[in-house]
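The structure appears below as structure tokens.
What follows is calculated from the coordinates using simple rules that are stated; it is not laboratory data. Small disclaimer: the values here were computed from a predicted structure and weren't measured. Cβ sites come from the backbone with ideal geometry, for glycine too, and all protein chains shown count toward neighbours.
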Amino acid sequence: MPVDVDAVVLSNTQLSHDYNTVILAAPRLGDQALPGQFVMVKATCGDDPLLRRPFSVFEILRDDDGRSTGVSLLNKRIGVTTRALYALRAGDHVRCLGPLGRPFSVAAPPEQAWMVAGGVGLAAFATLAAALRTRRVDTTLFYGGRRADDLFHLDTFESLGVHLRLATDDGSRGDHGNVTVPLRRAFASTDRTTPVRLYACGPTPMMWAVTKLAASEGRATAVSLEQVMGCGLGGCYSCVVPVRGPDGTHFVRSCLDGPIFDGGSVVWEQLGE
Amino acid sequence: MSVDLSVDVGGLRLATPFIAASGCFGYGLEYGEIVDLSTLGAVAVKGLFLEEREGHPPTRIVETPSGMLNAIGLQGIGVRRFVADKLPGLRDCGAVVLVNICGSTTEEYAEIARILADADGVAAIELNISCPNISKGGMMFGSSLRGTHDVVSAVRRVTTLPLIPKLTPNVTNVASFAVAARDAGADAVSLVNTFLAMAIDVETRRPKLSNVVGGLSGPAIRPIAVRMVHECRQAAADLPIIGMGGIMTSEDALEFIIAGAAAVQIGTANFVDPFVWNKLREGLTDYLRRHDVPSVSALVGTLDTTRGHTA
């Protein structure tokens, strides 16, 4: 059951001029959160900004005995709430409602897992990587950013045994170009009969491109969509995604029926920006 | 001192004056896991047409100073599926259900009301004649006195359920619409629906909502909504009012009650805090005790304009 916690900020690490990682003391959230789920965050008091914003649970933090102590959020400074999150200091409070949404379906051997992240879309994958590690699934992260110094938490994923395939827009690290460059190469060197489960999270054009590329290889992609949300609980019908079903296209709520969708069922042309 | 939070709104008996506003609480059941629906005064479910509707494409919502714009476009499952799939669950939760209905024609409103008259578990009908986000229906009726009269009287003829037209603020004189609704047979009115508004992305010079325009809600509209409740109370003191517009706290709700609202609806606040209901009840109870007022009903319309103002 989702809880609304007034979480104390344990630390805020500014990774660059726009990315940061906030660690929150929220054991009840960490206890329940599953890979791919999100929390609705209110980082400021008062009515302006009014609404909460959805964030992936980045990592679940545990003490030496394995008990959950809290969660971390990977944040990119873009709007009002993300600016407030970027500026947090230890001891500040943040309201967090969650965990919400349907989680990723976690692959199991002999399947491999390929996680494809663009920018802050990386936030969806640390909890997934940890769950895949527990299942001993061979896991690769394809991760694209603007520059070498725009790729974060690589050590987190390496320590979970994840293979890294990187790409940058300026070629300063990994492949030159977007994340589909190493992904395309991986497809070329992987037999079609090898079971692979694909996950993608990032900008909409990237997830669309990954879905199309995977489909051309006969494979499905689980995408984590980030629609503008009002409530996170199914009350407002703001966060809908056009999804193709047997009886036509319908708008479904990404907070309840997502945020994880089969990329092949999403009508990307109608998704909005 | 024990205080009585129950209220009577045009024959509708509610345990508390706090009602979940239509369009802000899904069909109620979405919240069943975290909120005891029987502790709410009532649940006004998402507006229903006769048939299913898909609503507008995204983007449907945008944040504005102390408020938000929405243009959902009344996505909904249609009244028959509501009665079959949602109403039994709401009954089981002990919810008092206000069914918000909307039509493209007067006949559609009446047809929906007929279907609901035969359903078990409907406490009242809220007539949506005020949605600003659809091309046919909604505000088209509620922004004309004739349209308001025609819809209310058409539905009045087919149901004995309490009938509560929800009024739009997008008119010059909202009180004249309250009077028109009363004269056509309404048991109460609810107000206000959202204010027609828009927001523009100046970088792209494109509207922020797919529907171009949407409805403004939240604390930004509260003082205007309070003024409109006050005007309706002045014009039709015998007509019960359900007030709404940016109520976030019990103090905000009290403004509406003192202005003349017998009950209030909570919309946008539920998005920010789905656990707001207990806080509202506690805040209201505390106020009644502090002011030695035995019941909410005793407070309705007690605005005192004889002693000047309080800054």
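A simple rule links phi to the HN-Hα coupling: the Karplus curve 6.51 cos²θ - 1.76 cosθ + 1.60 with θ = phi - 60°, which for the stretch B:194-208 gives 7, 8, 4, 7, 8, 9, 10, 7, 6, 5, 9, 6, 10, x, 7 Hz, with x for Gly and Pro. For the stretch A:227-273, the Kirkwood estimate of the hydrodynamic radius, built from every pair of different alpha carbons, is 10.7 Å. Take the convex hull of the alpha carbons in the protein assembly as shown; its mean projected area over all directions comes to 28.5 nm². Between the alpha-carbon centres of the stretch A:71-88 and the stretch B:83-119 there is a gap of 42 Å. Stretching the chain fully between B:His291 and B:Lys136 yields a gain of 51.1 nm (0.36 nm per residue, less the alpha carbon separation). Quick check on my link table: of A:Lys42/A:Lys212; B:Lys208/B:Lys279; B:Lys46/B:Lys136; B:Lys86/B:Lys166; A:Lys76/B:Lys46, which ones sit more than 26 Å apart, alpha carbon to alpha carbon? Correct reply: A:Lys42/A:Lys212; B:Lys208/B:Lys279; A:Lys76/B:Lys46.
In whole percents, the pair-distance distribution calculated for chain B from its alpha-carbon pairs, binned every 10 Å from zero, is 6, 29, 38, 21, 5, 0. Report the residue, chosen from B:Gly283, B:Gly47, B:Gly243, that carries the largest GNM mean-square fluctuation when chain B is represented by alpha-carbon nodes joined by springs under 10 Å. Per the Cα network of chain B with a 10 Å cutoff, B:Gly283 tops the list. Determine the percent antiparallel among the DSSP beta bridges restricted to the protein assembly as shown, to the nearest 5. DSSP beta bridges in the protein assembly as shown are roughly 55 percent antiparallel. Once the C-beta distance of A:Arg133 and A:Val267 is scaled by a Förster radius of 35 Å, the resulting FRET efficiency is 0.55 to the nearest 0.05. A cut-off of 5 Å between modelled amide H atoms, ignoring neighbours fewer than 5 places along the same chain, links A:His163 with A:Thr139, A:Thr140, A:Leu141. When DSSP assigns beta bridges and you keep just the ones with both residues in chain B, what percent turn out antiparallel, to the nearest 5? Close to 45 percent. Could you compute the FRET efficiency for A:Asp48 and B:Gln234, with r as their C-beta to C-beta distance and R0 at 41 Å, rounded to 0.05? After rounding, the FRET efficiency stands at 0.85.
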